[in-house]
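Asks: Got a structure for you, questions after.
The values are calculated or read from the model by the stated rules, or taken from the named source; none is laboratory data. Computed from a prediction, not measured in an experiment: that's the story for all the values here. Backbone-built Cβ (ideal geometry, glycine too); neighbour counts: all protein chains shown. All accessible areas refer to the heavy atoms of the entire protein, side chains included, with ligands and DNA or RNA removed. Shrake-Rupley method; radii C 1.70, N 1.55, O 1.52, S 1.80 Å.
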Amino acid sequence: MCDEKLRVMALKSYRILDTPSDEDLDLLTQLIARFCEVPVALISLVDKHRQWAKSISGVRIYEETPREMSFCDLAIGGDKIFEVTNTEENDQLRGNPLVTASPNIRFYAGAPLITPSGHKIGALCVLDMVPRQLTSKQRSALLEMSRLVMQRFDMRKEMNLLKDSELQLADLIENTSDLIQSVSPEGLILFANQTWLDTLGYTKSDLPSLNIFEVIHPDCQAHCGSLFQRLMEGEDIGLVDVVFKSKEGCPIALEGRITVRFEDGKPAATRAIFRDVTERKKVQKELEVREARYRGLINNIPGAVYRFSNDDNSHCIYLSPPIKEITGFAPAEFLKGSPTYSSIIYKDDTHPSKGLKMERLRKHEFYDLEYRLIHKNGSIRWVREQGRENPDNANELEGTIFDITEQKMVQHKEAEAKKEAEAANLAKSKFLSRMSHELRTPLHSIIGFSKILQMAELPEKQVRNAKRISHAGEHLLNLINEVLDLSRIEAGEIYSLSENVKIESVIDEVILLVKPMAAEHLIQIVHKTSGHNIQAFVDRQLLLQVLLNLASNGIKYNCHEGTLTFEVMISSSGRARIEVRDSGEGIAKNKLSRLFIPFDRLDVEIDSPDLEGSGLGLSITKKLVEFMGGEITVHSKMGKGSVFAVMFDMAKSDHKASKGIDVPQVKHLEYMHLDPSVTDLASIKILYIEDNQDNVALIEQVIEYRERVKLIVAIQGGQGIDLARQHQPDLIFLDFHLPDINGDEVLQRLLGDKRTRDIPVYMLSADAMPKQIKRLRGLGVADYLTKPLNIDLFLSILDEKLAKKNSG
Ligand code: ADP
């Protein structure tokens with residue numbers, strides 16, 4: 001930077017230009033004017049483009065002139081006094097307007113004002129309007145005086161700087177966000193900054209009478225008293241936490257430093273700087289409370305919470321206390337790595353559980369593992385571990401470990417129990433199937449032969465006896481069927497297909513089936529149609545069975561010449577409701593609860609022994625209704641009759657309506673109509689493959705009632721196949737249990753041979769289990785007839801074949 005620029009900067013640093021007059025300086029200019037015997041003396045400062053007079057004594061010839069007119073500019077050219085005796089004789093000044101015009105300066109002498117750093121910022125000069133010369137004394141005085149002026153300038157400058165820094169300090173103290181205070185040894189507050197006042201809600205005017213202990217919170221008085229004491233004794237107490245209270249009484253938490261200023265070895269005042277940490281302490285407190293709560297929660301949940309490193313070592317970073325309960329080892333033992341958690345995992349489970357965990361972690365998914373641990377006491381515990389990669393730190397895994405040993409034991413027991421139940425169920429099914437088979441076989445003979453006896457020309461009494469035998473046999477058969485039905489339902493072995501079913505059409509079918517029975521008891525059947533053609537979402541066959549049961553009860557327990565009414569409606573809950581009403585005696589209120597109990601006949605067996613039954617029909621009905629998601633209700637009034645109502649869901653719009661199903665009973669009735677008009681048509685050959693002599697004898701006798709039916713008997717499966725090939729019978733009746741090969745195989749071979757495959761094969765078996773019937777029907781038998789044989793049905797099959805053969 002050039003000298004002139006530095007010089008001007010030096011001048012500006014004194015901050016003296018354009019300032020008001022200064023008495024001390026004015027005195028100096030007066031003194032020098034008098035001493036030099038001149039009318040004018042002045043302190044002139046040379047600015048960049050002007051000269052400005054700081055002090056003028058005598059005639060105020062100018063205050064400010066342009067720099068070109070400045071005499072002092074010449075004076076600051078050297079270090080000594082610049083003196084011009086007569087300006088008119090001086091080449092540099094002769095033309096100066098101050099010379100040529102008023103004030104017509106003729107004499108000038110100036111001593112430069114030199115700063116400590118050597119910059120000449122102006123001059124102390126004396127002037128006269130007449131030529132003159134200074135004495136050497138006057139010159140020395142002028143020089144001395146110029147130094148005095150400079151000293152005065154320097155002093156002023158220093159004072160300015162001091163004031164500046166004082167202002168800055170005060171500004172800093174007042175405007176800092178910290179609380180600053182000074183307290184006398186007596187506790188009087190000597191100073192408190194604005195932040196202090198604002199934070200504690202005081203004003204400056206409160207301070208003079210305020211003692212620091214009035215500001216300290218009561219809970220902190222003792223602590224602060226001891227701190228104060230220690231401070232006064234000269235101890236460095238370091239960082240302190242104190243609690244003040246605001247003027248309104250609110251606690252204010254502060255943190256900071258307090259020191260003491262000593263004078264002559266005695267404490268003069270404390271100086272303290274604090275930071276308001278109320279908010280921070282509040283948050284900290286909340287955090288502590290929350291953390292304590294979480295910790296309590298973590299420690300109290302039955303499982304352990306963990307954080308492990310996400311690497312092969314899986315070392316423990318944190319484990320909550322319940323781990324001790326689970327493993328026998330305390331969290332601290334795992335933290336030390338003795339033992340490591342992975343080392344107590346049961347050997348066989350280590351690899352699979354780790355593999356699964358890794359696989360899940362690769363996909364950044366949660367893992368959920370079950371494995372065994374070896375407890376400290378040597379026992380094996382089952383645990384469930386669930387966890388994930390820590391979302392804030394992929395190097396860590398976090399999760400929970402629960403002891404599931406009990407659960408596993410229960411599961412194990414349940415599985416065992418289920419296995420046992422399944423085995424028992426299987427045994428029960430086997431037993432039922434066996435029992436049914438064993439009972440059916442003798443019943444086959446009882447019912448069959450008694451039927452033949454009835455057909456024979458015997459005395460009336462004998463026929464009546466035969467009828468009784470046949471009746472009792474049928475009753476027994478009915479009972480077997482119902483017991484089987486019930487146990488099948490209980491075992492969930494019923495097959496159903498729910499579809500949209502037109503209820504009215506099922507009722508029509510029921511009426512058709514029970515009509516003969518109703519006619520026998522002189523019961524009138526009424527079918528009240530709603531005309532809405534209501535459809536329910538049910539299994540058609542099961543609904544038929546339900547309504548058949550209710551209808552036959554309605555007839556059986558009706559009064560002489562009573563009525564049986566069917567009505568379909570939509571219930572208040574929006575379901576399809578079918579009512580079967582009778583006009584019988586009704587059911588006593590106290591007996592209603594026993595209605596659906598198997599074998600409970602509500603004492604009817606005592607009161608009316610003629611009314612036969614097993615007491616199973618309604619139990620089966622209720623179970624079937626519930627199986628289809630429906631419900632059954634009963635209302636009965638003694639002497640008025642009973643109303644049995646069943647309710648089902650209405651048809652579903654996304655299902656097609658049922659096409660209806662062939663009802664075997666109806667078909668069988670049709671067979672019977674063929675008899676006897678077709679008996680004497682073309683002859684047919686039937687092959688009966690059966691090893692039981694009684695059964696063979698029965699069929700032989702039945703066939704006697706049909707002319708032109710020739711019977712061939714085979715007592716073994718293999719023999720049956722040979723005879724079938726040889727004789728090409730029109731029909732084959734096949735028993736299942738044969739001494740050499742079973743019925744299944746015989747059937748397969750017959751169907752597999754082109755010589756026999758077109759011959760209709762009827763199974764004739766005492767095995768009435770639905771599974772078996774369904775299976776064999778699927779294999780291609782013409783039909784499955786169960787023992788005891790329905791002789792009418794058997795004859796109708798023969799009749800149909802005879803009719804076909806004859807017409808074909
Ligand atoms: P079962 O008719 O074979 O005895 P159910 O289970 O069908 O067995 O009926 C149980 C009992 O409920 C019957 O024995 C009878 O006492 C009574 N019961 C059933 N339906 C009616 C009815 N419509 N009116 C009066 N009593 C009935």
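Asks: Using the Cα centre of the stretch 728-808 as the reference point, and only Cβ charges (+1 on K/R, -1 on D/E), how large is the resulting charge dipole? Debye, rounded to the nearest 20.
Replies: In total the dipole reaches around 280 debye.
Asks: Oh, and also: For 528, 245, give the ranking by accessible area with the largest first, probe 1.4 Å.
Replies: Details: 528 95, 245 60 Å².
Of 528, 245, the descending order of accessible area is 528, 245.
Asks: Whole-Hz ³J(HN,Hα) for each residue in the stretch 503-511, computed from phi via Karplus 6.51 cos²θ - 1.76 cosθ + 1.60 with θ = phi - 60°, x for glycine and proline: what do you get?
Replies: Using θ = phi - 60°, the values come out as 5, 4, 5, 5, 4, 4, 5, 4, 4 Hz.
Asks: While we're here: For the stretch 209-307, what is the Kirkwood estimate of the hydrodynamic radius, computed as the reciprocal of the mean inverse distance between distinct Cα atoms, to one decimal in Å?
Replies: 16.2 Å
Asks: Out of 761, 751, 741, whose Cα points farthest toward the positive end of the dipole of the stretch 672-802 (charges: +1 Lys, Arg; -1 Asp, Glu; placed on Cβ)?
Replies: 751
Asks: Turning to a different aspect of this structure: Averaged per residue, what accessible surface does the chain expose to a 1.4 Å probe, in Å²?
Replies: Value returned for the chain: 54 Å² of accessible area per residue.
Asks: Taking the full set of protein chains and a 1.4 angstrom probe, give the accessible area of residue 517 in square angstrom, rounded to the nearest 10.
Replies: 60 Å²
Asks: Give, in whole angstrom and from largest to smallest, the semi-axes √(5λ) of the equivalent ellipsoid of the stretch 520-569, with λ running over the eigenvalues of the Cα gyration tensor.
Replies: Details: eigenvalues 105, 43, 8 Å².
After diagonalising the Cα gyration tensor, the semi-axes are 23, 15, 6 Å.
Asks: In degrees from 0 to 90, rounded to the nearest 10, what is the angle of the helix 693-703 Cα long axis to the longest principal axis of the chain?
Replies: 70 degrees
Asks: Highest first, please rank the peptides 691-698, 315-322 by the mean number of other Cβ atoms sitting within 10 Å of their residues.
Replies: Details: 691-698: 16.9, 315-322: 18.4.
Put in order of decreasing packing, that is 315-322, 691-698.
Asks: Here is a further query. Using a/c under 1.5 as the rounded threshold, could you call the stretch 94-136 rounded, prolate or oblate? The axes a ≥ b ≥ c are square roots of the C-alpha gyration tensor eigenvalues, and prolate needs a/b larger than b/c, oblate otherwise.
Replies: Because a/c hits 1.5 or more and a/b fails to exceed b/c, the stretch 94-136 counts as oblate.
Asks: So for the stretch 95-188, what percent of the C-alpha to C-alpha distances run longer than 18 Å?
Replies: In whole percent, the share of Cα-Cα pairs in the stretch 95-188 beyond 18 Å is 68.
Asks: Now for a different question. Quick one: putting +1 on the C-beta of Lys and Arg, -1 on the C-beta of Asp and Glu, what dipole do you get for the chain around its Cα centre, in Debye to the nearest 20?
Replies: Its charge dipole is roughly 680 debye.
Asks: Helix 136-175 against the longest principal axis of the chain: what's the angle in degrees, Cα atoms only, rounded to the nearest 10?
Replies: Around 20 degrees separate the two axes.
Asks: Also, quick follow-up: Against the longest alpha carbon principal axis of the chain, how many degrees, from 0 to 90 and to the nearest 10, is the axis of helix 347-362 turned?
Replies: Result, in degrees: 60.
Asks: Of the heavy-atom accessible surface of the stretch 112-226 (probe 1.4 angstrom), what whole percent is carbon and sulfur?
Replies: Carbon and sulfur: 59 percent of the exposed surface of the stretch 112-226.
Asks: Among 739-749, 115-125, what's the highest-first ranking by average C-beta atoms within 10 angstrom per residue? Working shown, then result.
Replies: Numbers: 739-749: 16.8, 115-125: 21.3.
Per-residue mean Cβ counts within 10 Å order the peptides as 115-125, 739-749.
Asks: Accessible surface of residue 572 in the full protein assembly, 1.4 angstrom probe, to the nearest 10 Å²?
Replies: About 130 Å², rounded to the nearest 10.
Asks: A follow-up question, please. Keeping the other protein chains in place, figure out the carbon and sulfur percent of the accessible area of the stretch 363-404, with a 1.4 Å probe. Each step should come with its number before you reach the end.
Replies: Working: 1070 of 2330 Å².
The nonpolar share, carbon plus sulfur, comes to 46 percent.
Asks: Using helices alone, what [θ] at 222 nm do you get for the chain, with -39,500 (n - 2.57) per DSSP H run of 4 or more residues, divided over all residues and rounded to the nearest 500?
Replies: Values: 24 runs with 348 residues, N = 808.
Result for the chain: -14000 deg cm²/dmol, rounded to the nearest 500.
Asks: Using a 1.4 Å probe, how large is the accessible area of residue 314, given in Å² and rounded to the nearest 10?
Replies: Rounded to the nearest 10, the figure is 20 Å².
Asks: Working from the alpha-carbon coordinates of the stretch 378-517, get Rg over Rh, Rh being the Kirkwood radius.
Replies: Using only Cα positions, Rg/Rh for the stretch 378-517 is 1.37.
Asks: Kindly sort 593, 429 by accessible area of their heavy atoms, largest first, with the probe set to 1.4 Å.
Replies: Output order, biggest surface exposure first: 593, 429.
Asks: Explain nothing, just the number: dipole magnitude of the stretch 114-262 about its Cα centre with +1 on each Lys and Arg Cβ and -1 on each Asp and Glu Cβ, in debye rounded to the nearest 20.
Replies: On the way: 15 positive and 20 negative charges, 294 e Å.
In debye, rounded to 20, the stretch 114-262 gives about 1420.
Asks: Using the Karplus curve 6.51 cos²θ - 1.76 cosθ + 1.60 with θ = phi - 60°, work out ³J(HN,Hα) for each residue of the stretch 538-554 in order, rounded to whole Hz, and write x for Gly and Pro.
Replies: Working through the residues one at a time gives 9, 8, 4, 5, 5, 4, 4, 5, 4, 5, 4, 4, 5, 5, 5, 5, x Hz.
Asks: Here's a follow-up. Amide H neighbours of residue 713 under 5 Å, at least 5 residues apart or on other chains, H built in the peptide plane: list them.
Replies: 688
Asks: Oh, and also: How much of the calculated P(r) for the stretch 671-808 lies past 21 Å, in percent of all Cα pairs?
Replies: 38 percent
Asks: Lys/Arg Cβ at +1, Asp/Glu Cβ at -1, dipole of the chain taken about the Cα centre: which of 625, 265, 686 is farthest positive-ward?
Replies: 686
Asks: Another question, then. Please grab the % of Cα pairs in the chain that end up more than 48 Å from each other.
Replies: The proportion of pairs with Cα distances above 48 Å equals 65 percent.
Asks: Specify which residue in the list 421, 30, 301 is farthest towards the positive end of the charge dipole of the chain, using unit charges on the beta carbon of Lys, Arg (+1) and Asp, Glu (-1), about the Cα centre.
Replies: 421
Asks: Quick check on packing: order 96-103, 408-415 by the mean number of other C-beta atoms within 10 Å, highest mean leading.
Replies: Final packing ranking: 96-103, 408-415.
Asks: Separate question: Whenever you get a sec, compute what percent of the accessible area on the stretch 300-343 sits on carbon and sulfur atoms (1.4 Å probe).
Replies: Answer for the stretch 300-343: carbon and sulfur cover 54 percent of the accessible area.
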